[in-house]
Amino acid sequence: MAGWDLVRATQAGDQEAFGQLYDRYHEMVFRYVLFRVGDRQLAEDLTAETFLRALRRIGSVSYQGRDIGAWFVTIARNLVLDHVKSSRYRLEQTTSEIADLSPSTTGPEQQVLDGATYEELLRCVAKLNSDQKECIALRFLQGLSVAETARLMGRNEGAVKALQHRAVRRLAQLLPEGLR
């Protein structure tokens, strides 16, 4: 079933339909949150809270011309923002757990190189301003379209394209010569 068909089934009382939504979108939401907070346990907690809030509000959501996954990411984004604003937030970011998500290749040497490259990229992404970080996360980590990213960020598509362009240009400046 398509995402919105599962939403309608859930709204009609089908509990298994929400389970299918969870299975379909859990990884995407988790990766988004993990990229933003840099802590695996916190990301797991915020992802769980995302789906709990979604379940509570599933009756009020209606089709808005985009994939239901964007709604889940919006809930996650708001939870991350709330967390960052709270006094519990620490200003440190760990990247080793995010590096664990990099795709494995043929040999251990390549895995070490890939991990180091990924860590350097994340280090450079951390130097971007918050809007640029969010744009990069939504566009490249989550694979959202420009239109979906614009809706989530509350901007128009032209602004997102310009923001993405500036972020990628800045990353090119920050990355060491051999990694560009």
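Values for this structure:
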quantity	calculated
Gain upon complete extension [Asn156, Leu52; 0.36 nm per residue less C-alpha separation]	34.5 nm
Spatially proximal lysines relative to Lys85 (Cα-Cα < 24 Å; intrachain offsets below 8 disregarded)	Lys127, Lys133
Pairwise centroid distance, computed over Cα atoms, of the stretch 120-156 with the stretch 26-65, Å	17 Å
Residue-level accessible surface for Tyr63, protein heavy atoms, 1.4 Å, Å²	140 Å²
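The values are calculated or read from the model by the stated rules, or taken from the named source; none is laboratory data. Because the structure is predicted, anything quoted here is derived from the model rather than measured. The area values use the complete protein model at the heavy-atom level, side chains included, leaving out ligands, DNA and RNA. Shrake-Rupley method; radii C 1.70, N 1.55, O 1.52, S 1.80 Å.
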